[in-house]
């Protein structure tokens, strides 16, 4: 029971962080472009406009993704209640690995949106007619 509870809580950390940082970046992105905190890619750091756009986009993505991962991880772990420790450990580790894959994959839609909205110099593209 103790190890299951540990793995259950451990598997909620990343989804809760995604929700928290998603909310933060949607409403209060770092005001200045920096190399320490925030969504930092070459394209997002071109200028203030790309910086704000990227944070708002990744924030929305992370809020949704965090909620989906939170619910699916909790439900998956509930099915492991009262199971053997090795099964809980392996399955819990698999859940964490899947969460990390989704976290990494969440960068691609934001980079795609930046590429569609801005040119290589960070200037907004003219709307297609």
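The values are calculated or read from the model by the stated rules, or taken from the named source; none is laboratory data. Bear in mind that the values here come from a model prediction, so they are computed numbers and not experimental data. Glycine also receives a Cβ, built like all others from the backbone with ideal geometry; neighbour counts cover every protein chain displayed.
In region 40-58 there is at least one residue that is modelled with pLDDT of 95 or more and within 20 Å of residue 101 (Cβ to Cβ).
Among the residues of this structure, residue 75 counts as one that is assigned to a helix (DSSP H, G or I) and out of contact with any helix residue (DSSP H, G or I) (no Cβ under 9 Å at 6 or more places or on another chain). Within region 99-119, being farther than 13 Å from residue 10 by Cβ, touching a residue at least 24 places away in the same chain (Cβ under 8 Å) and in a helix (DSSP H, G or I) holds for 102, 103, 107, 109, 110, 111, 113, 114, 115, 117.
Of all residues in region 41-63, those satisfying the criterion of being free of Cβ contacts under 8 Å to residues at least 40 places away in the same chain and either surrounded by 17 or more Cβ atoms within 10 Å (Cβ to Cβ) or in contact with a helix residue (DSSP H, G or I) (Cβ under 9 Å, 6 or more places away or on another chain) (or both) are 45, 51, 55, 56, 59, 60.
Scanning region 24-37 for residues that are surrounded by 15 or more Cβ atoms within 10 Å (Cβ to Cβ) and either without any contact (Cβ under 8 Å) to a residue 24 or more places away in the chain or in a helix (DSSP H, G or I) (or both) yields 24, 25, 26, 33.
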